1. Quick check on my filter: what residues within the range 324-349 are touching a helix residue (DSSP H, G or I) at 6+ places or on another chain (Cβ under 9 Å), crowded, with 16+ Cβ neighbours inside 10 Å and among the aliphatic types (A, V, I, L, M)?
2. Scan the range 41-59 and give yes if some residue there is modelled with pLDDT of 90 or more, farther than 30 Å from M358 by Cα and not in a loop (DSSP other than H, G, I, E, B), otherwise no.
3. Out of the range 278-310, which residues are without any contact (Cβ under 8 Å) to a residue 24 or more places away in the chain and part of a helix (DSSP H, G or I)?
4. Scanning for something under 21 Å from A141 (Cβ atoms), acidic (D, E), exposed (fewer than 13 other Cβ atoms within 10 Å of the Cβ) and in contact (Cβ under 8 Å) with a residue 40 or more places away in the chain, does the range 350-358 turn up at least one residue?
5. Looking at (1) in contact with a Ser or Thr (Cβ under 9 Å, 6 or more places away or on another chain); (2) modelled with pLDDT of 95 or more, which is the one condition that is false for Y269?
6. Can you tell me which residues in the range 111-136 are under 19 Å from G155 (Cα atoms) and in a strand (DSSP E or B)?
7. Residues in the range 231-256 that are touching a strand residue (DSSP E or B) at 6+ places or on another chain (Cβ under 6 Å) and part of a helix (DSSP H, G or I): how many?
8. Return yes when E295 is of a type in the set (D, E, K, R), under 19 Å from the mean Cα position of the chain (by Cα), surrounded by fewer than 22 Cβ atoms within 10 Å (Cβ to Cβ) and modelled with pLDDT of 80 or more and no when it is not.
Amino acid sequence: MRHWLKARPAVVLLAITVGIFAVACSEDEPTETPTAAATVATTATVVATGTPAEDPGTLIVYSGRSESLIGPLLDEFEAETGIDVRVRYGGTPAIAAAILEEGENTPADIYIGQDAGSVGRLSLDGFFAELPQEVLDLVPAQYRSQTGDWVGLSGRVRVVVYNTEIHSEDTLPASILDYANPEWAGKVGWAPTNASFQSFVTALRVSQGEDVAREWLQAMVDNGTVVYPGNGDIVQAVANGEVEVGFVNHYYLNGFLVDQGEGFKARNYYFTNGDIGGLMNVAGAGVLNTASNPEAAIALIEFMLRDSSQAFFAQETTEFPLIVGAAPPVDHVPPIESLAPIDVDLTDLGDLDATLAMLQEVGALP
């Protein structure tokens, strides 16, 4: 596999710093955090047995998912199809900002983001082409664009991670909004710079209204909610007893259980009552409407939604497979059917501008 680095112009860093993705952190990946600066890489072309009748061409992938998580699938796709897959890796906000900057001149055929917020932003800005109905039908309606221009590839749910020496599931509130009550002052951890947290706040605004979202955020700030850099830091802090609970994505706990065993003093509380605290977000993909090889891009989406690829996400990244009948995640992660997450149009999570402004207004962000 060949790799090279390509420096981004300063304007991209400016866009990342002060634009829509200004303070969105890329620490949403299950196993590692991609760097903010984009890394460009290509998968080595695999020489298949025999000669294809036609040159299948080149597919340029802009990936906000790190190579360790999606690279094996791209390698397998390339080997099966003979398509020369060239990948630009980077943090989801950085890669999305690059497409926004490049506009119609972007060389990307397909964008893969780890969060529906960035995918939704590019959709709202008209960057994606409509996908064939047979591709859309592979994914339940709630995990794809309502306008038909992107689909989810894997799911992650928001949870409350709690210290098992202090709490059990029956001592925790049934709604995330209740953590703004005075009895939780100084006992909660969050990561306001985290992209998934910001998507949650956007969903809160969309589903409950601007006033409810602002009042909850302000109460959390006034309650002395403890700020951490990312989800992994929150899980460790909860296990250490620094805080009693924290707001994270579900899959972070798995790495600690693998490394430290069942004695690790933290577990996830899953909302199963439709509360906004249990928002189901997705990693998603859309085909650029300027794509040079849209057929290959669509083929890649279909490849990632087949059973074996969905099993990869379930077992290797501890995410939820989105196709019906796919292999479930690891044992301590409940089946997706048991969660009953709130019904939110995930494309609306692309409306991050107002979310960032609100977080700054209440003092959650500088």
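The values are calculated or read from the model by the stated rules, or taken from the named source; none is laboratory data. Quick caveat, the model's predicted, so the values are computed rather than measured. Every residue, glycine among them, receives a Cβ derived from its backbone with ideal geometry; neighbour counts consider all protein chains shown.
1. Selection gives A326, V333, L339, I342, V344, L346, L349.
2. First pass over the range 41-59, keeping only residues modelled with pLDDT of 90 or more: 57-59.
In the following step, the residues that additionally are farther than 30 Å from M358 by Cα were identified as 57-59.
Then keep just the ones that are not in a loop (DSSP other than H, G, I, E, B); that gives 58-59.
The answer is yes; a qualifying residue exists.
3. Let us first name the residues in the range 278-310 that are without any contact (Cβ under 8 Å) to a residue 24 or more places away in the chain, namely 295, 306-308.
E295, D307, S308 - these are the residues of the range 278-310 that are without any contact (Cβ under 8 Å) to a residue 24 or more places away in the chain and part of a helix (DSSP H, G or I).
4. Taking the range 350-358 as the starting set, the residues that turn out to be under 21 Å from A141 (Cβ atoms) are 350-351.
When the remaining residues are screened for being acidic (D, E), the result is 351.
With the extra rule that they be exposed (fewer than 13 other Cβ atoms within 10 Å of the Cβ), the set shrinks to none.
No, every residue in the range 350-358 fails to be under 21 Å from A141 (Cβ atoms), acidic (D, E), exposed (fewer than 13 other Cβ atoms within 10 Å of the Cβ) and in contact (Cβ under 8 Å) with a residue 40 or more places away in the chain.
5. With (1) in contact with a Ser or Thr (Cβ under 9 Å, 6 or more places away or on another chain); (2) modelled with pLDDT of 95 or more applied to Y269, the lone miss is (1).
6. Answer for the range 111-136, where residues must be under 19 Å from G155 (Cα atoms) and in a strand (DSSP E or B): Y111, I112, G113.
7. Total satisfying the criteria: 7.
8. Details: of a type in the set (D, E, K, R): yes; under 19 Å from the mean Cα position of the chain (by Cα): no; surrounded by fewer than 22 Cβ atoms within 10 Å (Cβ to Cβ): yes; modelled with pLDDT of 80 or more: yes.
Answer is no for this residue.
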